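Taking it in order: structure first as structure tokens, then the write-up.
Values quoted throughout were computed directly from the atomic coordinates according to the rules given, and no laboratory measurement underlies them. The shown structure was predicted, so the numbers you read here are calculated from the model rather than taken from an experiment. Counting neighbours? That spans all protein chains shown, and the Cβs are built from the backbone with ideal geometry, glycine included.
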Amino acid sequence: MTSTHCPYCALQCGMNLTPAADGRGVEVSERADFPVNRGALCVKGRTAPAVLSSAVRLTSPLVRSAAGTLEPASWEEALDRIAEGLGGARAHHGADAVGVFGGGGLTNEKAYALGKFARVVLGTSQIDYNGRFCMSSAAAAGNLAFGLDRGLPFPLEDIPRTGCVILVGSNPAETMPPALRYFTELKENGGTLIVVDPRRTRTAEQADLHLAPRPGTDLALALGLLHLVVAEGRTDEEYIRERTTGWEDTRAAAMAHWPEYVERITGVPVPQLREAVRLFCAPEHAMVLTARGPEQQAKGTDTVSAWINLALATGRPGRPLSGYGCLTGQGNGQGGREHGQKADQLPGYRKLTDPAARAHVAEVWGVAPDSLPGPGRSAYELLDALGTDIRALLLMGSNPVVSAPRAAHIEERIRSLDFLAVCDVVLSETAELADVVLPVTQWAEETGTTTNLEGRVLLRRRAVTPPPDVRGDLEVLHELAARLGGEGSPEKRFPTDPEEVFEELRRASAGGPADYSGITYRRLAEENGVFWPCPAPVAPAESAEPAERAVAEVHPGTPRLFLDRFATGNGRARFVPVSHRAAAEEPDEEYPVLLTTGRVVAQYQSGAQTRRVDELNAAAPGPFVELHPRLAQRIGAAEGDPVAVVSRRGRAVAPARITTAIRADTVFMPFHWAGEGRANTLTNPALDPTSRMPEFKACAVRLEAVRP
Ligand code: SF4
């Protein structure tokens, strides 16, 4: 039996894997010793082994033939073709003509090696990853306010012990069901749950108070709540004075947002605003948690800042059982953004523009600091430049044909590339367009680390042998480095052993905000995960007492951040004054309805893996358009009828699902599917000016009943 973790979401549930009784694949069993999920798993985790033995998984490299079809090929031929494709683009058009696109599901080791490969071997600045579409606004706002971004600055176990949680734009009942128990326990302990969501989701049904704003107006909602906090004298003046800066400007901005004005913008009645303030301010401890709802907006950074301001004004962050946190989405969404596959960052969550960071990482990599390229484009901008500035792309662990906004346009851009190489487990919609597809190992077939939404670094262990002609992503990078040149031996620069890569990552991250230098595979195995920052021990002075020497040997990790000081220069949290502004695209006569997108429990992200699992397909066989009965009546659609949703970017068709659980001015579509029901055909790529997050959560559409 092997103790490991689920391949999917940021909860990274613990599970045990044992060889199946029939000798085919592995079976999942409960792993009660891992505290995050205590044995509970959702349907995706329980069925995850199905992808290991799926008949449709890739088991041989594929190379596009002269006839235009993808045909099986040897690894040598496939790797040579990739080296030729990437190297050719670099030789003819310059290093920045080669792009690299990663994923928030890649292990820390892979994310690290991919960032290093892009900058050291290819010499390109054009690298980013799909995590940009996930939590980048929360990361930007967290850095602004606290000087550090770690999804949750406290463990999940603190949630049931606080007094009140405002959960904004998050639906854990569908996205990470085992996490729901933290909120039900909160209520059992006498705490209150406030859910902010335009839909009455299964999570919202559990709430003491459900606020249902128009999509894209959460910023105004948070400002209205802060206005009431001030007006009712519920601010924590001592905390504001001692632990923050910038309050006066923020206070002034909030006071311009009268509750009645906020009601007109959001649709949330003033009495509900007052009730939310009363519930949030009454207990000694309280938290604000955000997820994709407020974050996936073209004003996502400001929106999250507004919620952080509310938490700061009431004296929550940096106090026990209180604060602000983001519920990250992808399996390694946290670690994936810390180790260098982000356009503007180096390992250890260092800034690529910081000369000291460049010097430190360059030394670990054995290159000159000035040889490292500067920051590149963000994910959408990179994808939008394919076929023009960027002529060749290496893509790992992502399926942008389904998951990118304005997806039909992005698909067109991908088709216009001179060369595309994809490493994946199955032939995703993006891999179908590639010149070369490499079949790579997946979660239970390889060892590596991930960092869950709490900042807890975890060890995923290899439990089964991969199919014979399948190789790991680290091996792919090693082979490509050997073919594409550069100084030093590929064996040393790009090892294939994940622990060896992690040892280098430790050195590269040492001293950075996300310091992993005190974490080892041995510790991860023995301690069931370690929270970063966890610096390596500093050699004690000769004169140190034995007790001091023992402490100096092992840092325990940091489950709770900011209790003494924030990670800003002066140790104080920063208020960031923000004001309401409209969504990038508001409804009008032609497009009178708002579309918002999200997930369902039985599918995961672009569905590349989960759509290949029979049990999940039976539970969630396809897309749908959720709409209110009044809207359905207006277009003459009955339950199950095909409905066309049309935006300025395209048209998608899916069956109607009629429910009073959604606002009458809003429709919802899950985004897991390709084809005519692809929700991201419709979404708006307007970008947040700071985080470069696209506006997934609100765009204007019209509905049409589809007549047979
Ligand atoms: Fe896996 Fe997330 Fe489900 Fe847990 S909640 S089993 S980590 S998909």
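Please figure out what share of the DSSP beta bridges in the chain is antiparallel and state it in percent, rounded to the nearest 5. Antiparallel: roughly 45 percent of the beta bridges in the chain. Among 153-161, 363-371, 697-705, 227-235, sorting by the average number of other beta carbon atoms lying within 10 angstrom of each residue, highest first, gives 697-705, 153-161, 227-235, 363-371. Relative protection proxy for 467-475, 215-223, from highest mean packing down: 215-223, 467-475 (other beta-carbon atoms within 10 angstrom).
Seen from every direction in turn and averaged, the convex hull around the alpha carbons of the stretch 399-517 projects onto 9.9 nm². The fewest-to-most ranking of 706, 28, 501, 288 by surrounding Cβ atoms within 10 Å reads 706, 28, 501, 288.
Put simply, the stretch 593-705 fits an ellipsoid with semi-axes of 21, 20, 12 Å; these come from the alpha carbon gyration tensor as the roots of five times its eigenvalues, largest first. Of the trypsin sites (Lys or Arg not before Pro) found in the stretch 1-58, those that fall in a DSSP loop while having at most 11 other beta-carbon atoms within 10 Å are 24.
Quote the Stokes-Einstein diffusion coefficient, in whole µm² s⁻¹, for the stretch 136-327, based on the Kirkwood radius over alpha carbon pairs, a temperature of 25 °C and a viscosity of 0.890 mPa s.
152 µm²/s
Between residue 270 and residue 503, the C-beta separation translates, for a Förster distance of 51 Å, into a calculated FRET efficiency of about 0.35. Residue order for 443, 75, fewest other beta carbons within 10 angstrom first, comes to 75, 443. Annotation for the stretch 2-58 versus the stretch 332-365: alpha-carbon center distance of 31 Å. Tell me, rounded to the nearest percent, the portion of alpha carbon pairs in the stretch 215-311 spaced more than 20 Å apart. Of all Cα-Cα distances in the stretch 215-311, 34 percent exceed 20 Å.
Which value results when the Cα radius of gyration for the chain is divided by 2.2 N^0.38 Å? Write out the running numbers ahead of the final one.
On the way: Rg = 24.6 Å, N = 708, 2.2 N^0.38 = 26.6 Å.
Normalised Cα radius of gyration, the chain: 0.92.
Each peptide in 289-297, 675-683 gets a packing score, the mean of other Cβ atoms within 10 Å over its residues, and the list from highest to lowest is 289-297, 675-683.
Residue pairs exceeding 27 angstrom between C-alpha atoms, taken from 110/351; 110/492; 299/351; 116/697; 110/697: 116/697; 110/697.
Helical runs assigned H by DSSP (4 residues or longer) give the chain a calculated mean residue ellipticity at 222 nm of -8500 deg cm²/dmol, each run adding -39500 (n - 2.57) before division by the residue total.
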